[in-house]
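Contents: one structure, followed by commentary.
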Amino acid sequence: MPLKKIIGVPTPRSEGREKVSGTAIYATDVVLPNMLWAKALRSSIPYGRIKKIDTGKAEALPGVRAVVTGADVKGLLIGRKIYDMPVLPDDVVRFIGEKVAVVAAESEEIAEAAVELIDVEYEQLAALLDPLEAVKPGATLLHPDVQGYRGLLHEIKTPSNVFVDMTWTKGDIEAGFRDADILVENTFTTQLVHQAYIEPHACVVRANADGGADVWHCSKVPFALREQAATAFHKSLDDFTMQPSYIGGCFGGKGDFMDVPVCYLLSLKSGRPVKMVMDYSEEFSAGNPRHAALIKVKTGVTKDGTLVAHQMNYIYDSGAYGAFKPQGYLVGPKEAAGPYKIPHVFINEKIVYTNKIPCGHMRAPGEPQGFFANESQMDLLARRLSMDPVALRRKNLMHDGDISPIGHLIPHIKSDEILAQAMQSSGYQKTKRKHVGRGLALAQWLPLGGEGHAFVSIGEGGEITVATAMVDQGAGTYTAMRQIAAHELQVAVDEVGFEILDTSRATADTGVGASRATRIFGNSVHAAALRVKDKLLGSASEMLGVGLEQVALTGAGAIRATNGKQVSYRQIVERLGAPIRFEGSYKNFDNGPQAAMCVQVAEVEVDVETGAVKLQQFTTAHSTGTVINPLMHQGQIDGGVVTAIGYALMEQLLIDQGRVTTTNFGESKIPSIRDIPPLKTVIQEFPVGNGPYGGMSIGEPPVLVAAAAIANAVQDAVGVRIYDLPITAEKVLRAIKESSDDLTAKSAKVT
């Protein structure tokens, strides 16, 4: 069975039938004997001291089996990297929505009623809500003990609300600015947005008498969750077993511990399993959304448009804690200077505590913010130079073998090729109607590394199974893994089964994230499948009495010798007397080095009477590696583009005095089918990536630059620049009016 019959062929999801039939088990579907329901009482103030918590009435309510407060876990902190969040606060609350007490009861209704009976007395303190105020030297310290937190990325010599301060440089930025003919400086801001997955956070915890626990969860990183829980409660890793469940959407937001620690405490205290499911008002007010950001960009260019120096200064509003960030910082900002040759670069990232909802990860963490600023800046540079925006970019693009803005060698990028095809497919240079504009934006993506493990086995009946502890967050990685095993063993994909293991049955891995799942786990399956294949061929050679070079897979679950004799996989296993089973591993923590390019072109029409922006067409072009499954590949692109359009035009969590006010989907809008224009996709495959068969990442590249492309298109249409997301009709209309007023004023002066 040749390669093209399996790899590169659209293949439906392995778990699709389970999901559409309702038989797939998510964490919220888990029901255990004697299970209790949990609910949380959350802080009603953004910042203050807990003077007293009275749980007496709640504990006396019939059906209540356990109540836990911060007094039960005094001093215990938890986090994905930086341990700065109390399991439950015993002294200070730092945002509206923070859990201050939890209740386990016989039913969800009783738990909700009990929460209402808990009385909390606060000493309210002045909240710090503006990150620009929070960075000032005299600002109130929201975390006085920050210097002692476990997992800090660098030494904090003086206590500050800035708990991450990282810099990447190349060359001499000040010398670069001196060498430039023109300097352009701009400030851009981006908003807080929720990941908007359908399934809210949910978990079930069954604590054991010895203090260990089985946990059903919706985390895409079960081994990391195990480590977080064990570390927080001073237990061993083996004390916790993470049981697999399907995940109902993630988009970066399902990698944290969320309610697992408090359910563990309630289960310990009650001696019964405990389930907790957030409702969506809790998701919006106490989830882990994408960071709001302020980005200052200063660029120096020569008169002919050559980029000489580029400086980006980020301030990210972390909210009350940094615990939801798996690396402790946002990895994207350092790459958002774009796919350009720039000799002098300075990038600084600050992440700041405020008394707001704590932020975590969302698809391409930190990069949509940075690329919105960077690619908007490129258009503004072109306008300042009276230069075509495409010509400016083309003049400065990196090519294969160039050095990135932060000093990395990029052996493969194919920038010119994908830019040319994006322009052609989008009709970028075609004549436009009045108030119609086109905008273009570019980005490069270097996939992050990781570690993965997988088993491939052939059972007594000849059945083939792939097994892993990886939890697919919805991208379809299970299907890709089955395709890889099927290709190597030359059977139909449907003949390869799949088993999801709990954490006690597999070696620890880095889980899903950073567009690396197919690379990490696909390579693991590939390695295991090759070992199984070698075992099959060796055994068949002995059974058929011919040399190893005289046997080959038939493409139908058997091996044939050159003399015409053949033996099936089942017969080989029978002869061996035991199933064939091998583990494959992949471990590579290097980024890239090959870059996947993304070029996006937005075409908009702006209503100058209302400011409304209507997307007429959107083109996304990708230079990528071998596509394993075109169906899922296109799904990732379409989903990413829609996410990016929502970010650009409408999505925003609004906060008033520290309180999230958009606490439902009626107020926190995401795109509907009526908001999505015709989408065009361009794919250029280059089999050079370090994924299976030369594959490269696709999950996050479509999210990076849509906002900038749309902002650039709006300026092309009506001549106004929007510097802060989302690009709403109100902002556009205000900008049009201000531009008109400026022209009127200038005209009056001339007269």
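We did not get these values from a lab; they are worked out from the coordinates using the rules stated. As the structure is a computational prediction, the values presented were derived from the model and not from experiment. Cβ: placed from backbone, ideal geometry, glycine included. Neighbour counts: every protein chain shown.
Available extension along the chain between Thr306 and Arg531 is 75.8 nm, counting 0.36 nm per residue and deducting the alpha carbon span. The lysine pair count for the stretch 316-383, using Cα distances under 19 Å and pairs eight or more places apart or on different chains, is 4. Bridging of Lys269 to aspartates and glutamates at a Cα separation below 16 Å is possible for Glu59, Asp72, Glu106, Asp210, Asp214, Asp259, once same-chain residues fewer than 8 apart are set aside.
Of the DSSP beta bridges with both residues in the stretch 538-687, give the percent that are antiparallel, rounding to the nearest 5. Spell out each step's value before the answer.
Values: 18 of 25 bridges.
Antiparallel: roughly 70 percent of the beta bridges in the stretch 538-687.
Stretching the chain fully between Lys614 and Lys5 yields a gain of 215.1 nm (0.36 nm per residue, less the alpha carbon separation). Here the dipole of the chain is about 1380 debye; that uses its Cα centre as origin and unit charges on the Cβ of Lys and Arg (positive) and Asp and Glu (negative).
May I ask you to sort Thr661, Thr190, Thr69 by Cβ crowding, counting other Cβ atoms within 10 Å and putting the fewest first? List each step's numbers first, then the result.
On the way: Thr661 13, Thr190 25, Thr69 22.
So the ranking, lowest neighbour count to highest, is Thr661, Thr69, Thr190.
List the residues of the stretch 95-124 whose backbone N lies under 15 Å from a point placed 7 Å from the Cα of Asp54 along the Cα-to-Cβ direction. Taking a point 7 Å out along Cα→Cβ of Asp54, the residues of the stretch 95-124 whose backbone N falls under 15 Å are 116-122.
Using C-alpha pairs below 8 Å separated by at least 6 residues, the relative contact order for the stretch 203-248 is 41 percent. Among beta bridges from DSSP that stay inside the chain, the antiparallel ones total about 75%. Each Cα pair under 8 Å and six or more residues apart adds its sequence gap; the mean of these over the residue count of the stretch 443-504 is a relative contact order of 33 percent.
Take Phe665, Phe372, Phe618, Phe686 and order them by how many other Cβ atoms sit within 10 Å, fewest up front. Working shown, then result.
Working: Phe665 12, Phe372 32, Phe618 25, Phe686 19.
Starting with the residue having the fewest Cβ neighbours, the order is Phe665, Phe686, Phe618, Phe372.
This ranking places Asp317, Asp259, Asp145 by how few other beta-carbon atoms lie within 10 Å of each, fewest first, which gives Asp145, Asp317, Asp259.
With an 8 Å Cα cut-off and a minimum separation of 6 or more residues, compute the relative contact order for the chain in percent. Working shown, then result.
Details: 1879 pairs, mean separation 116.2, N = 751.
For the chain, the relative contact order is 15 percent.
Computed from the C-beta positions of Asp590 and Thr507, the FRET efficiency with R₀ = 25 Å rounds to 0.80.
Note on Glu18 and Glu463: their simple-model spin labels are 1.4 nm apart, each label 7 Å out from Cα toward Cβ.
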